[in-house]
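Below is one structure, written out as structure tokens; comments come after it.
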Amino acid sequence: MKEGGLRKIVAANWKMYKTRGEAEKTASELRVSMTEETAGGRRVVIFPSFTNIAAVAGVFAGHPSVSVGAQNFYPAVEGAFTGETSLNMLRDLGATWALTGHSERRHILGETDELVARKTAFALQEGFSVMLCIGETLAQREAGELDKVLSRQTESALAALPPDSLGRLAIAYEPVWAIGTGKVAGPTEALEAHAAVRALVLKLLGDAGRSVPILYGGSVKPDNAATLLELDNVDGLLVGGASLNSQSFLQIVNA
Ligand code: PEP
């Protein structure tokens, strides 16, 4: 950890992959190697699909640095919302984190900034830790709209944070053009974007914004993880494809 830096978080987004048995197998392989020491003082969060949360949480029960999170939820306590899942149900399975604003939910499932803001505030209010994802598409970047998009997404999501919830918020900067494409933001692009996000968070939250971890996500692999983790304002990584295999995820956690 850099002096004065935040404890780094390495998160795994398993998306819609793995049956229950497969998830349990990967989690067990990780568990064997993830003693406190091998996690290098890092915090690890695994986001399996709903059906695998209980199994993965069971494998890591009592682990001091590994938590389990939900990739999605509906922002209401309960009710007539067919097909949806509440945070109470997810907490009951062992989830303590929730992901909001992931680009696949924004761009494939049509989630708006307004819904992302509502979900972020609701999960924090319910006592969950939240990883809020933001990031620009290639067209937006090429149109010179990087700052505008990051401001819009961050300002709307942080506009109505519940009191005393800041310690449970993390932001993941994920350029949409780098997710699942094999293209990773270069150090200069990542540095610039992370500095912009830090400035926004400080503007919106004041000095308290210094303690909000900002993770990078987008085609992180074992061979680029260490370089990314060295950059200023990169307080961790959110990993999709390379987190599905226990060995490659372990290399990233220990990078
Ligand atoms: C993600 O799903 O958040 C992600 C960053 O995916 P990948 O690592 O596969 O680009």
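Look at the range 156-177: where a residue is more than 15 Å from residue 136 (Cα to Cα) and a partner is open to solvent by 60 Å² or more (accessible area, probe 1.4 Å), sitting 6+ places away or on another chain with Cβ atoms under 6 Å, you get 158/204; 162/125.
In the set (1) open to solvent by 30 Å² or more (accessible area, probe 1.4 Å); (2) part of a loop (DSSP other than H, G, I, E, B); (3) more than 9 Å from the ligand (Cβ to nearest atom), residue 184 fails one condition alone, (3). Evaluating residue 120 against the criteria (1) in contact with a Gly (Cβ under 9 Å, 6 or more places away or on another chain); (2) polar (S, T, N, Q); (3) not in a helix (DSSP H, G or I) leaves one unmet condition, (3).
Taking each residue of the range 137-149 that is within 17 Å of residue 104 (Cβ to Cβ) and looking for partners that are β-branched (Val, Ile, Thr) with beta-carbon atoms closer than 6 Å, six or more apart or interchain, yields 137/176; 140/149. When residues in the range 121-152 are screened for being open to solvent by less than 10 Å² (accessible area, probe 1.4 Å) and more than 19 Å from residue 70 (Cβ to Cβ), 4 of them pass.
Considering the conditions (1) in contact with a Gly (Cβ under 7 Å, 6 or more places away or on another chain); (2) crowded, with 20+ Cβ neighbours inside 10 Å; (3) under 25 Å from residue 97 (Cα atoms), residue 202 is excluded by exactly one of them, (2).
Considering only the range 149-181, how many residues are within 16 Å of the ligand (Cβ to nearest atom), polar (S, T, N, Q) and either at positive phi or touching a helix residue (DSSP H, G or I) at 6+ places or on another chain (Cβ under 9 Å) (or both)? Going through the range 149-181 one residue at a time, the tally reaches 1. Do the conditions hold for residue 207, that is, is it among the acidic types (Asp, Glu), more than 16 Å from the ligand (Cβ to nearest atom), open to solvent by 20 Å² or more (accessible area, probe 1.4 Å) and without any contact (Cβ under 8 Å) to a residue 24 or more places away in the chain? In short, yes.
Within the range 1-23, being open to solvent by 40 Å² or more (accessible area, probe 1.4 Å), modelled with pLDDT under 95 and either of a type outside the set (A, V, I, L, M) or within 16 Å of the ligand (Cβ to nearest atom) (or both) holds for 2, 3, 4, 7. Going residue by residue through the range 214-225, is there one that turns out to be away from the ligand (no atom under 14 Å from the Cβ), open to solvent by 10 Å² or more (accessible area, probe 1.4 Å) and touching a strand residue (DSSP E or B) at 6+ places or on another chain (Cβ under 9 Å)? Scanning the range 214-225 turns up no residue that is away from the ligand (no atom under 14 Å from the Cβ), open to solvent by 10 Å² or more (accessible area, probe 1.4 Å) and touching a strand residue (DSSP E or B) at 6+ places or on another chain (Cβ under 9 Å).
Consider the range 235-251 and keep the residues that are crowded, with 24+ Cβ neighbours inside 10 Å and aliphatic (A, V, I, L, M). The one that is farthest from the ligand (Cβ to nearest atom) is 237.
The values are calculated or read from the model by the stated rules, or taken from the named source; none is laboratory data. Predicted model only: the values in this text are computed from it and were never measured. Neighbour counts are summed over all protein chains in view; Cβ atoms, including those assigned to glycine, are modelled from backbone coordinates with ideal geometry. Areas reflect the complete protein model, heavy atoms only, side chains present, ligands, DNA and RNA absent. Shrake-Rupley method; radii C 1.70, N 1.55, O 1.52, S 1.80 Å.
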